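The values are calculated or read from the model by the stated rules, or taken from the named source; none is laboratory data. Note that the structure is predicted; figures quoted are calculated from it, not measured. When we count neighbours, we look across all protein chains shown, and the Cβ atoms used for this are built from the backbone with ideal geometry, even at glycine. Accessible surface areas use protein heavy atoms only, side chains included; no ligands, DNA or RNA. Shrake-Rupley method; radii C 1.70, N 1.55, O 1.52, S 1.80 Å.
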Amino acid sequence: MESVTVKSPASVSNLCCGFDILGMALNEPYDTMQLIKKDEPGIVIQHTDAYLLPVAADKNIAGVALQAMLNELKYKNGFKLIINKQIKPGSGIGSSAASAAGVVVAANELLGRPFSKNQLVAFAMEGEMIASGARHADNLAPCIYGGLVLIRDTLSLDIVQLTTPPLFITIVHPQIEIKTSYAREILPKEIPLKSAVIQWANVAGLVTGFLKNDYELISRSLKDVIIEPVRSKLIPGFEAVKSNSRQAGVLGGGISGSGPSLFMLSENQKTATLVEVGMKAVYDKLGIAYKTYVTSINQNGVTVMKS
Ligand code: HSE
């Protein structure tokens, strides 16, 4: 096989209470990437999107992730990578993770699948580091494994796939950029025990709700008393979106990853579409450009399209 094309999905991480440990892949939007073997060494990157991302391999998230894999293999030849991003960088729906996960899955496919999914997450994390300045796999792991996952331990990459009842996800992406590295810098370094107790009770409740198909428990547990109070200040319309979504009958939701996108979970598509109407009303009123998606959980993660 000389060339492979993959679809790499957006993802929602944190899911309110699960900062850095919970994430799910989405069916929409997704990036498309083509990876082509070449005989000469080196990684050549071309972007066919309009985001003006760096094309030098050591500055590009996908380039760094791919190089990490090639170093491990002591691979001598090179690759050409053509990236068409649909997930805007700095959107909070896993744009950098889609780049990093997509390329490592594509390379693994081209090289005869020498690596496990866990190893692919580790390579991709090298790329993700450029965007966020920290090692976290809550967008990468769902991108590579598919579905909704818990990262029980980031260091050893103890990744647990969770089942869920049917869920519909409404995303609004106000067209402002929040850099993940900045959104992490402003977080408190220490938290009161009282807040920690509330947060880990909600994580346990949320995971149990998913596994038991208990929508009410999911709804009660979609709370974040630690990160959201700090980051929500960066997102205009945050409270109004929450309030409109509640009126539409949502299960709950909050900031997607480090923002500015917001996500809301619904039990059915009709509610998810009503939530979208409420989101649009908020940003139309504020005069801020936005994009919305009504989608569902992508159970497959990065998918190989054609060779
Ligand atoms: N868990 C990370 C954060 C995700 O919230 O900073 C970044 O996309």
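Using only the heavy atoms of the protein chains and a 1.4 Å probe, how would Tyr182, Tyr51 rank by accessible area, largest first?
Working: Tyr182 110, Tyr51 70 Å².
I get Tyr182, Tyr51, largest accessible area first.
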Please report how far the C-alpha centroid of the range 78-102 lies from that of the range 170-241, rounded to the nearest whole angstrom. 24
Check which residues have an amide H placed less than 5 Å from Gly146's amide H, if you skip close sequence neighbours. Gly301, Val302
Taking amide hydrogens as modeled 1.01 Å from N in the peptide plane, which residues meet the under 5 Å criterion relative to Leu187, leaving out close sequence neighbours? none
Which order do Lys117, Lys85 take by accessible area at a 1.4 Å probe, largest first? Lys117, Lys85
Percent antiparallel among DSSP beta bridges (both partners in the chain, rounded to 5): 90
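Which order, highest average first, do 58-64, 44-50 follow once you tally other Cβ atoms within 10 Å for each residue and take the mean per peptide?
The densest-packed peptide leads the list: 58-64, 44-50.
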List nothing, just return the count: lysine pairs in the range 168-296, 8 or more apart or interchain, with Cα separation under 22 Å. 20
Only helical DSSP H runs with n ≥ 4 go in: add -39500 (n - 2.57) per run for the chain, normalise by residue count and round the 222 nm mean residue ellipticity to 500 deg cm²/dmol. -11500 deg cm²/dmol
Probe 1.4 Å, all chains present, heavy atoms only: Val121 accessible area in Å², nearest 10, is 0
Can you give me the span-like helices of the chain, meaning DSSP H runs with 24 Å or more of Cα extent along the axis and Kyte-Doolittle mean at or above -0.5? 193-211, 269-286
Per the charge dipole of the chain (beta-carbon charges, Lys/Arg positive, Asp/Glu negative, Cα centre), the residue among Val277, Tyr145, Ile171 reaching farthest to the positive end is Val277
